[in-house]
Amino acid sequence: MEEKRKGAVLFSDYERGSAIKKLRDLSREDILFELKESKLKGRGGAGFPTSTKWMLTAAAKSDIKYVVCNADEGEPGTFKDRVLLMEYQALIFDGMVIAGYTIGAKNGIVYLRGEYSYLLDSLETYLMKMREDNLLGKNIAGKEGFDFDISIRLGSGAYVCGEETALIESLEGHRGEARNRPPYPVNTGYLGKPTTVNNVETFASVTHIVMKGGEWFCKHGTDKSTGSKLFSISGDCSRPGVYELPWGTTIQELLDIAGAENTKAVQVGGASGICLPKSQFDRKLAYEDAATGGSIMIFNEERDMIHIMNNFMEFFVEESCGQCTPCRIGNAKLLEGVKMLESGEYTFKYINKLKELGQTMQVASKCGLGQSSSNAFLSILENFKDEIFNVRKGGNHGN
Amino acid sequence: MLVMEKNQLTEEIEVLIKKYGKERSSLIPILQDIQKQHSYISDYAQQEVARLLDIHPVEVFSVISFYAFLNSSPKGRNIVRLCQTITCDLAGKKNVASAIERELGIKFGQTTPDNKITLEYANCLGMCDVGPAMIVNDRVYYKLDPEKAVSIINEIR
Ligand SMILES: Cc1cc2nc3c(=O)[nH]c(=O)nc-3n(C[C@H](O)[C@H](O)[C@H](O)COP(=O)(O)O)c2cc1C
Ligand code: SF4
Ligand code: FES
């Protein structure tokens, strides 16, 4: 076991079960109030206010509702949920129990990516312990009529299943193809019932908010991005890993913390995020500036940006569910374009067409995958054009 | 397939349906268990799952074909999945892959003639801080270099 992690919010001390026991004296309105105060936004990437999502699910009329924990963590460069799932089970599961209490659900489901199946046994063991301690099951923590239990379902190797409606399709036994929205899961989710889908880290944040209050949470981070964030840092640096930092930390500060030197580019938000050059390292990591679900990948001066683009585009060509044309065809065309850039066999006219295509994909694709898969292509092309068009291979391509 | 084998498979699937329930939402857990046990989901198994869940066999096949970890044709008893995504790639995936290929005499995407090992690439495994990484069956290995990777493979050979 590694030495204990330290952090201001998520990695601060927490005694397992204590937030659940606190529910004895809290109404669901109390919790919704604290959540609203906290201004917590979803940690899975999209940044939707958690209090609104829970309020809507709580208000939806149905005897049966579901709490779903999105542990599909498939965004390249993200591994913070893995750390939470390995070392902070109490924060996650207690957060799910709180969600069940708040929205009026009796069932929670963890959708664990198939690649993390090695975590299954320890998670199941932990859930058993919760049942023994009456933190799950019937009349939880002695509160009459408060029943809730959690089960775990494994994914089967599909990145798009992290998208909440594709995830629900998968849970229902179908291909993981995203649904049209509306209706939203808060009304029509798993098996057609009101469902709140939240990221692992979102549940962990809620647990701390219930213990220490929304006001305390707001003391960290920025005005629009409250609290702290787990960043998964990888690539060219001497201290890669998961770090808890307040929102508003700049990219340069983060590079220093991770021991990155000679940095050329930072990919913020994973393969579906954007690639930033040195001139933008003063930007803040926050919903209002450089937003991210936590993935930070560092590339040093030696790295070839076209190679990086190529890797990202191959990823999306493989992972597109193929349901809609902009994404299915668009990603394949962009990958072809990268190959042209690589070989030098391109015209600027065609590259400009591909840029337009990338923008079309952002608006015309059905789900977040296709809406964001051209980000890396477009931002690398924009921010590293010197390298791509001039310096490369003697510098006389495309003229 | 022999009649006896068929009967046994049907029994197995009946047990799985008891375990997970006869709902459509049980389909993937059932397929995952069959996959785990037999390293693929045969035509016959697909038909039986469809019959017992009361859905069309095409539905079952369509689900299998969607997910990378479910397959309808036989694979090796051990599946090696090496991460091909960018951080692992930059950390030396290529050398690890070539070393494994040389050692086994097959390429990624192929299965050894004795059906022991299938080599596949996977996308980001969530081990980017300690890449290159790979998963062998249900175990994850990280900080790989060619020598380390080959010795892990040799253990399952
Ligand atoms: C292609 C794609 C993959 C996604 N993968 C994940 C994921 O692995 N984990 C996650 O929490 N959210 C993921 N999301 C976001 C979810 O759709 C959803 O917004 C999130 O689970 C909501 O939880 P939150 O509000 O707590 O962030 C993904 C979205 C898209 C479009
Ligand atoms: S955008 Fe891509 S992943 Fe999403 S529904 Fe369309 S094809 Fe499928
Ligand atoms: S890039 Fe290989 S584990 Fe994430």
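General observations
- Failed condition for residue A:298, given (1) within 14 Å of another protein chain (Cβ to nearest Cβ); (2) assigned to a helix (DSSP H, G or I): (2)
- In this structure, residue A:241 does satisfy being within 14 Å of chain B (Cβ to nearest Cβ), within 24 Å of residue A:90 (Cα to Cα) and without any contact (Cβ under 8 Å) to a residue 60 or more places away in the chain.
- Subset tally (residues that are touching a helix residue (DSSP H, G or I) at 6+ places or on another chain (Cβ under 9 Å) and in a loop (DSSP other than H, G, I, E, B)) for region A:219-240: 6
- Region A:90-123: number of residues that are more than 14 Å from chain B (Cβ to nearest Cβ) and either free of Cβ contacts under 8 Å to residues at least 24 places away in the same chain or not basic (Lys, Arg) (or both): 17
- Picking from residues in region A:318-331 that are open to solvent by 60 Å² or more (accessible area, probe 1.4 Å) and farther than 15 Å from residue B:124 by Cβ, the one that is nearest to the other protein chains (Cβ to nearest Cβ) is A:323.
- Boolean, residue A:338 is out of contact with any strand residue (DSSP E or B) (no Cβ under 8 Å at 6 or more places or on another chain), touching a residue at least 12 places away in the same chain (Cβ under 8 Å), open to solvent by less than 70 Å² (accessible area, probe 1.4 Å) and more than 15 Å from ligand 2 (Cβ to nearest atom): yes
- Selection of region B:103-149 for residues being acidic (Asp, Glu) and within 30 Å of residue A:84 (Cβ to Cβ) yields B:120, B:129, B:138, B:145.
- Among (1) open to solvent by 40 Å² or more (accessible area, probe 1.4 Å); (2) outside the structural domain of residue A:91 (by TED's automatic domain parsing); (3) hydrophobic (A, V, I, L, M, F, W, C) - the single one residue A:254 does not satisfy: (1)
- Cβ separations smaller than 6 Å between residues 6+ apart or across chains give the following pairs from region B:122-147 residues that are within 8 Å of chain A (Cβ to nearest Cβ) to residues that are within 16 Å of ligand 1 (Cβ to nearest atom) and among the basic types (Lys, Arg): B:126/A:82.
- Residue satisfying all of: in region B:107-137; more than 8 Å from ligand 3 (Cβ to nearest atom) and of a type in the set (Gly, Ala, Ser); surrounded by the most Cβ atoms within 10 Å (Cβ to Cβ) among these: B:122
The rows are residues; the columns are (1) under 24 Å from residue A:322 (Cα atoms); (2) within 21 Å of the chain's Cα centre (by Cα); (3) not small (Gly, Ala, Ser).
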residue	(1), (2), (3)
B:10	no, no, yes
B:27	yes, yes, yes
B:44	no, yes, yes
B:48	no, yes, yes
B:67	yes, yes, yes
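- Helices (runs of 4 or more DSSP H) contained entirely in region A:309-378, each with at least 3 residues that are within 12 Å of ligand 1 (Cβ to nearest atom) and outside the structural domain of residue A:165 (by TED's automatic domain parsing): A:368-372
- Filtered by the rule that a residue be within 12 Å of ligand 1 (Cβ to nearest atom) and among the small types (Gly, Ala, Ser), region A:78-113 gives A:95, A:99.
- When residues of region A:257-283 are limited to those that are within 22 Å of the chain's Cα centre (by Cα) and part of a strand (DSSP E or B), the one surrounded by the fewest Cβ atoms within 10 Å (Cβ to Cβ): A:276
- Taken over region A:172-188, the criterion of being over 21 Å from residue A:293 (Cβ atoms), touching a residue at least 24 places away in the same chain (Cβ under 8 Å) and within 14 Å of chain B (Cβ to nearest Cβ) is satisfied by A:175, A:177.
- Sub-7 Å Cβ pairs linking a first residue in region A:156-170 that is away from ligand 3 (no atom under 16 Å from the Cβ) to a second residue that is among the basic types (Lys, Arg), at least 6 apart or interchain, are A:165/A:179; A:165/A:181; A:169/A:175; A:169/A:179, ordered by first then second residue.
- There is no residue in region A:139-150 that is open to solvent by 30 Å² or more (accessible area, probe 1.4 Å) and within 16 Å of ligand 1 (Cβ to nearest atom).
- Any hit, region A:67-88, residues being assigned by TED's automatic domain parsing to the domain that holds residue A:170, more than 30 Å from residue A:266 (Cβ to Cβ) and open to solvent by less than 10 Å² (accessible area, probe 1.4 Å): yes
- Tally of residues being within 14 Å of chain B (Cβ to nearest Cβ) and under 16 Å from residue A:92 (Cβ atoms) across region A:131-155: 3
- Matching residues, region A:229-238, being facing another protein chain (nearest Cβ under 9 Å) and under 27 Å from residue A:219 (Cβ atoms): A:232, A:233
Results for (1) open to solvent by 10 Å² or more (accessible area, probe 1.4 Å); (2) not assigned by TED's automatic domain parsing to the domain that holds residue A:109, shown as yes or no for each residue.
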position: A:187; (1), (2): yes, no
position: A:195; (1), (2): no, no
position: A:203; (1), (2): no, no
position: A:206; (1), (2): no, no
position: A:248; (1), (2): yes, yes
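- No other residue among A:132, A:115, A:164, A:169 is within 15 Å of ligand 2 (Cβ to nearest atom) and more than 23 Å from residue B:22 (Cα to Cα) apart from A:164.
- Options B:86, B:55, B:79: the member that is surrounded by fewer than 21 Cβ atoms within 10 Å (Cβ to Cβ) and either touching a residue at least 40 places away in the same chain (Cβ under 8 Å) or assigned by TED's automatic domain parsing to the domain that holds residue B:134 (or both): B:79
- Extreme residue, farthest from ligand 1 (Cβ to nearest atom), among residues of region A:6-48 that are among the β-branched types (Val, Ile, Thr) and outside any loop (DSSP other than H, G, I, E, B): A:20
The values are calculated or read from the model by the stated rules, or taken from the named source; none is laboratory data. Keep in mind that this is a model prediction, so the values were computed, not measured. Every residue, glycine among them, receives a Cβ derived from its backbone with ideal geometry; neighbour counts consider all protein chains shown. All accessible areas refer to the heavy atoms of the entire protein, side chains included, with ligands and DNA or RNA removed. Shrake-Rupley method; radii C 1.70, N 1.55, O 1.52, S 1.80 Å.
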